[in-house]
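Enquirer: One structure follows; several queries about it will come next.
The values are calculated or read from the model by the stated rules, or taken from the named source; none is laboratory data. Small disclaimer: the values here were computed from a predicted structure and weren't measured. Every residue, glycine among them, receives a Cβ derived from its backbone with ideal geometry; neighbour counts consider all protein chains shown.
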Amino acid sequence: MSIITKKQIVELVKSGALVFKPGLDLFQLQEHSVDLRLGYTFMLPKMWHMTPRGRESLDITHFDKRNHEYFDVIELEQGQYFELLPQEYILVSTLESVKVPNNLMGVLYPRSSTNRKGMSLDLTGIIDAGYDGQLVLPIRNNTRSQAIRLFPGERLCQVVFEELANPVAPRPSKYHQKDIIEGVMMEKRDETELISSGDIKALKEKYKI
C-alpha cells in the first residue's frame with residue numbers, strides 16, 4: 001500500500017472518485033492527509049435506566065438491543081458550542097460524510113492541536129474501501145478540573161488515505177449511508193449473541209471463510 005498525497009487527493013475529489021459532503025476547504029488539505037471537522041451531533045452515554053425491577057445500570061455490552069435509551073443525544077444549532085466536562089467521555093459526529101472508492105482505505109489520527117487541549121480521540125479507526133457516510137469519533141476530556149469548549153466546524157482529526165494493491169468489493173458498514181445515531185446503535189447481533197453465549201465454535205463454523 002502507498003499513501004496518497006495532496007495532489008492525488010485533489011485529483012480524486014475533482015473526478016468524483018473521493019467525495020466529501022460538505023466539500024473540503026483549503027484549511028483541511030494537508031500534504032498527505034485531510035483534516036475532518038466536528039459535526040453538530042453529540043451523544044452522551046447514560047449510566048442507568050428504570051426497569052420494572054427498579055433503577056439498573058446500563059449494560060453497554062449489549063447496547064444494540066435498545067436504541068436511544070443508551071444515549072442522551074444533543075443536536076447543536078449554528079452558533080452554539082459544547083463544553084466537554086472533566087473526565088467526560090462522549091461520541092461525536094464528523095461534519096463531513098465521506099465516500100471512499102474501492103481502491104482506497106482511510107486511517108484516522110487525532111490532530112496534535114486536539115491533544116494539546118487535554119483531550120484524547122481514541123482513534124485507531126479504519127475507513128473501509130467503499131464506505132459512504134459520516135464518522136463517529138469517541139472523545140474524552142483528560143483534565144481533572146477544566147472544561148473543554150468544542151465548536152462544530154473546528155478541525156478535530158485527520159485521515160490518511162492509502163491505496164490498496166487491489167480494489168476490494170465494499171463491505172456494508174454499520175454506519176454506511178445511515179443516520180449517524182441509528183448507525184451507532186447497530187451491531188452484528190448474531191456475532192454478539194454467539195460470543196455472549198460462549199459458543200465460539202458455532203460462530204467459527206457458521207461464518208468460516
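Enquirer: I'd like to know if the stretch 19-28 contains one or more residues that are out of contact with any helix residue (DSSP H, G or I) (no Cβ under 9 Å at 6 or more places or on another chain) and free of Cβ contacts under 8 Å to residues at least 60 places away in the same chain.
Expert: The first filter runs over the stretch 19-28 and keeps only residues out of contact with any helix residue (DSSP H, G or I) (no Cβ under 9 Å at 6 or more places or on another chain), leaving 21-22, 25-28.
Applying the additional criterion that residues be free of Cβ contacts under 8 Å to residues at least 60 places away in the same chain yields 25-26.
Among the residues of the stretch 19-28, at least one is out of contact with any helix residue (DSSP H, G or I) (no Cβ under 9 Å at 6 or more places or on another chain) and free of Cβ contacts under 8 Å to residues at least 60 places away in the same chain, which makes the answer yes.
Enquirer: Surrounded by fewer than 19 Cβ atoms within 10 Å (Cβ to Cβ) and within 16 Å of PHE161 (Cα to Cα) - does that describe any residue in the stretch 78-100?
Expert: Scanning the stretch 78-100, I find at least one residue that is surrounded by fewer than 19 Cβ atoms within 10 Å (Cβ to Cβ) and within 16 Å of PHE161 (Cα to Cα), so the answer is yes.
Enquirer: What are the residue pairs meeting all of these: first residue in the stretch 40-57, first residue over 30 Å from GLU154 (Cβ atoms), second residue of a type outside the set (Asp, Glu) and not in a strand (DSSP E or B), Cβ atoms under 7 Å, and 6 or more apart or on different chains?
Expert: Matching pairs, first to second residue: TRP48/LEU58; HIS49/LEU58; SER57/MET47.
Enquirer: Could you count how many residues in the stretch 147-181 are at pLDDT below 90 and either part of a strand (DSSP E or B) or hydrophobic (A, V, I, L, M, F, W, C) (or both)?
Expert: Residues in the stretch 147-181 being at pLDDT below 90 and either part of a strand (DSSP E or B) or hydrophobic (A, V, I, L, M, F, W, C) (or both): 5 in total.
Enquirer: Shifting gears a bit: Taking ARG144, is it assigned to a loop (DSSP other than H, G, I, E, B) and modelled with pLDDT of 90 or more?
Expert: On the way: assigned to a loop (DSSP other than H, G, I, E, B): yes; modelled with pLDDT of 90 or more: yes.
Here the answer is yes, as ARG144 does meet what is asked.
Enquirer: If you check MET50 against the conditions, is it crowded, with 16+ Cβ neighbours inside 10 Å, assigned to a strand (DSSP E or B) and not acidic (Asp, Glu)?
Expert: Criteria not met by MET50.
Enquirer: Further, regarding this structure: Scanning the stretch 1-40 for residues that are outside any loop (DSSP other than H, G, I, E, B) and charged (D, E, K, R), which turns out modelled with the lowest pLDDT?
Expert: ARG37
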